[in-house]
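Here is the structure we will look at, set down as structure tokens.
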Amino acid sequence: AQSVTQLDSHVSVSEGTPVLLRCNYSSSYSPSLFWYVQHPNKGLQLLLKYTSAATLVKGINGFEAEFKKSETSFHLTKPSAHMSDAAEYFCVVRTGAGANNLFFGTGTRLTVIP
Amino acid sequence: NAGVTQTPKFQVLKTGQSMTLQCAQDMNHNSMYWYRQDPGMGLRLIYYSASEGTTDKGEVPNGYNVSRLNKREFSLRLESAAPSQTSVYFCASSEGGSGKTQYFGPGTRLLVL
């Protein structure tokens, strides 16, 4: 069973317009959720994480995500895209204890048009 | 503070050759991980080490071996490389325990011909 689904493989926005990257998860365990960003030829960098505290999580570089249990979603948003936001974004869910319960989405490539 | 470092950055192997990917972290983390990243797929866990002296299989361990040399270093070995092992390999570390953030190295791009 797929634990995390990123609904768009590619999103394209104009500079200065809002960004929405969608992520849905499935977990019978109270999940921890993460968004990572990967710039070309770089490792993954943590943007933000949800671990059962506030449902609206603020991250670095102006990104935020809202945990919606009823919708099993953890969408990533940013009010105004910057050229430097162009990258691959991964939604990650931890469905239980242990390293084998961490699942990565397939990624969403964000393109920012000048 | 370099974080997680990996060597080499790039490698080309012929089928059947062996090699070891090196990973080191300077954050005093207990847990370390090896992932592979393939086009159109999320990262998949190969092996992990929850603490010094222990290693466990992940989702895709076949064809690989690992060594947790000490708290800092965690190596991944391909004994007889196959074209299916062409991938980008990422090492990560964390303080340990559920929910802890993982910190990733820059990756090793491996091409097996």
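The values are calculated or read from the model by the stated rules, or taken from the named source; none is laboratory data. For clarity, every value in this text was computed on a predicted model and none was experimentally measured. Every residue, glycine among them, receives a Cβ derived from its backbone with ideal geometry; neighbour counts consider all protein chains shown. Note: areas computed on protein heavy atoms with side chains; ligands, DNA, RNA excluded. Shrake-Rupley method; radii C 1.70, N 1.55, O 1.52, S 1.80 Å.
The slack in the chain from A:K69 to A:R109, taken as 0.36 nm per residue of separation less the alpha-carbon distance, amounts to 11.9 nm.
A compact globular protein would have a Cα radius of gyration near 2.2 N^0.38 Å; the ratio found for the protein assembly as shown is 1.01.
When B:H29, A:H75, A:H10 are compared by accessible area at a 1.4 angstrom probe, the order from most to least is A:H10, A:H75, B:H29.
About its Cα centre, chain B has a charge dipole of approximately 200 debye under the convention of +1 per Lys or Arg Cβ and -1 per Asp or Glu Cβ, with nothing else charged. For region B:6-28, the residues whose backbone nitrogen is under 14 Å from a point 7 Å from the Cα of B:S84, taken along Cα to Cβ, are B:16. Annotation: extensible slack from A:S84 through A:S9 equals 25.1 nm (criterion: 0.36 nm per residue apart, minus Cα-Cα distance). For region B:9-73, the per residue solvent-accessible surface stands at 51 Å², with DNA, RNA and ligands left out and a 1.4 Å probe.
Interface size, chains A and B: roughly 1600 Å² of accessible area buried, both sides included, 1.4 Å probe, rounded to the nearest 100.
Once neighbouring chains are kept in place and the probe is 1.4 Å, which whole percent of the accessible area of chain B is contributed by carbon and sulfur?
Carbon plus sulfur share of accessible area: 49 percent.
What is the distance, in nm, between label points placed 7 Å from the Cα along the Cα-to-Cβ direction at B:N30 and at A:T77? With each label point 7 Å from Cα toward Cβ, the separation is 3.8 nm. The convex hull built on the alpha-carbon positions of chain B has an orientation-averaged projected area of 6.5 nm². Residue by residue along A:6-12, Cβ atoms of other protein chains within 10 Å of the local Cβ number 0 on average. Taking only the Cα atoms of chain A, the radius of gyration and Dmax are 13.5, 43 Å.
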